[in-house]
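Worksheet: one structure, shown below.
The values are calculated or read from the model by the stated rules, or taken from the named source; none is laboratory data. Computed from a predicted structure; not experimentally measured. Heads up, the Cβs are rebuilt from the backbone with ideal geometry, glycines too, and the neighbour counts pull from every protein chain shown.
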Amino acid sequence: MKRFKPYTKWLIGVIFIVFLLPSLKDSVYFLPYMGFWSVLLFVYIFINWFIQKTKIRKLVKENLKAELAMLKSQVNPHFFFNTLNNLYGLSVEKSDDAPSIILKLSDVMRYTIYEGEKERVLLSSEIKCLEDYIELNRIRHKKLDVTFEHAQIDNNIKIAPLTFLILLENAFKHGVEKLAKGAYIKLKLIATDDHITFIIENNHDPSGHAEAGGIGLNNLEKRLMLLYPEKHNLKITNETDVFKARLDIEI
């Protein structure tokens, strides 16, 4: 048997009350009757409101999780593609550094696959991932000037995984890869109990000025909106030959 639609239930209730009221208006039971139905109607409205609100919240949460999972799935292939390209170059050159880069790649893959699925990870682990990624690229780019400044990090501080990796990837892809010499990347991370600031700066070929950024940064902005709504600020400055990004996050 088909269930009554919500408006059908309301209609039956109204008809019942309307037809019954005339017979009760002169009765001593009129006020108790009206009081009972008023309370019952209020409880019914409240329960329905609560159920609908709970369903909406659950649906929104599921949609956010699905969208975040999709964005995460876009990060890993992009990262591995770039790193495997580096490894291929070393293999062609038959470089002695190939075993080292394979080991580093294994560490980074393990982190992105297992830690990347968590909602929050230790900030110190995220820093280690950045350092490993830098080393992966430093092996290939011998003359690359990379500095990473950060103080001792409290082990209790946590952050969403792979938050800074996209900015670092962007610096290599649109900076180092397209400069024949003089390429540099400067990273700085400042963390307190309730705030994290990450700053990255790199130079790039002026002729490729319009390319700096792209899908990676759009991905990052969407992830930040989902993970840190109204608790983050990403400021990007793209000058003639210098790209700079500053990300502030309240934790």
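Quick check on region 79-87. Is at least one of its residues surrounded by 15 or more Cβ atoms within 10 Å (Cβ to Cβ) and either in contact with a Pro (Cβ under 6 Å, 6 or more places away or on another chain) or under 25 Å from Ser207 (Cβ atoms) (or both)? For region 79-87, residues surrounded by 15 or more Cβ atoms within 10 Å (Cβ to Cβ) and either in contact with a Pro (Cβ under 6 Å, 6 or more places away or on another chain) or under 25 Å from Ser207 (Cβ atoms) (or both): present.
Scanning region 94-113 for residues that are among the acidic types (Asp, Glu) and in a helix (DSSP H, G or I) yields a single hit, Asp107. Summed over region 206-251, residues that are more than 16 Å from the chain's Cα centre (by Cα), at pLDDT 85 or above and hydrophobic (A, V, I, L, M, F, W, C) total 4. Going by what's in this entry, would Asp154 be described as surrounded by fewer than 20 Cβ atoms within 10 Å (Cβ to Cβ) and over 19 Å from Lys244 (Cα atoms)? Spelling it out, Asp154 is indeed surrounded by fewer than 20 Cβ atoms within 10 Å (Cβ to Cβ) and over 19 Å from Lys244 (Cα atoms). Report, by residue number, each residue of region 155-175 that is more than 16 Å from Ile199 (Cα to Cα), assigned to a loop (DSSP other than H, G, I, E, B) and at pLDDT 80 or above. Correct list: Asn156, Ile157, Ala160, Pro161. Against the numbered list (1) under 22 Å from the mean Cα position of the chain (by Cα); (2) surrounded by fewer than 17 Cβ atoms within 10 Å (Cβ to Cβ); (3) charged (D, E, K, R); (4) modelled with pLDDT of 85 or more, Glu126 comes up short only at (2).
Checked against (1) modelled with pLDDT under 90; (2) touching an Asp or Glu at 6+ places or on another chain (Cβ under 9 Å), Gln152 passes all but a single condition, namely (2).
I'm trying to understand the selection: among the residues of region 221-251, which are under 25 Å from Asn155 (Cα atoms) and among the aromatic types (Phe, Trp, Tyr)? Across region 221-251, the qualifying residue is only Tyr228.
Just one residue in the set Lys235, Lys188, Lys181 is under 25 Å from Val108 (Cα atoms), outside any helix (DSSP H, G or I) and without any contact (Cβ under 8 Å) to a residue 60 or more places away in the chain; that residue is Lys188.
The residue of region 116-133 that is farthest from Lys186 (Cα to Cα), among those that are free of Cβ contacts under 8 Å to residues at least 40 places away in the same chain and hydrophobic (A, V, I, L, M, F, W, C), is Leu122.
Checked against (1) at pLDDT below 80; (2) more than 30 Å from Asp154 (Cβ to Cβ); (3) within 29 Å of the chain's Cα centre (by Cα), Ile102 meets all criteria but (1). Looking across Glu119, Glu135, Glu126, one residue alone is assigned to a loop (DSSP other than H, G, I, E, B) and among the acidic types (Asp, Glu). It is Glu119.
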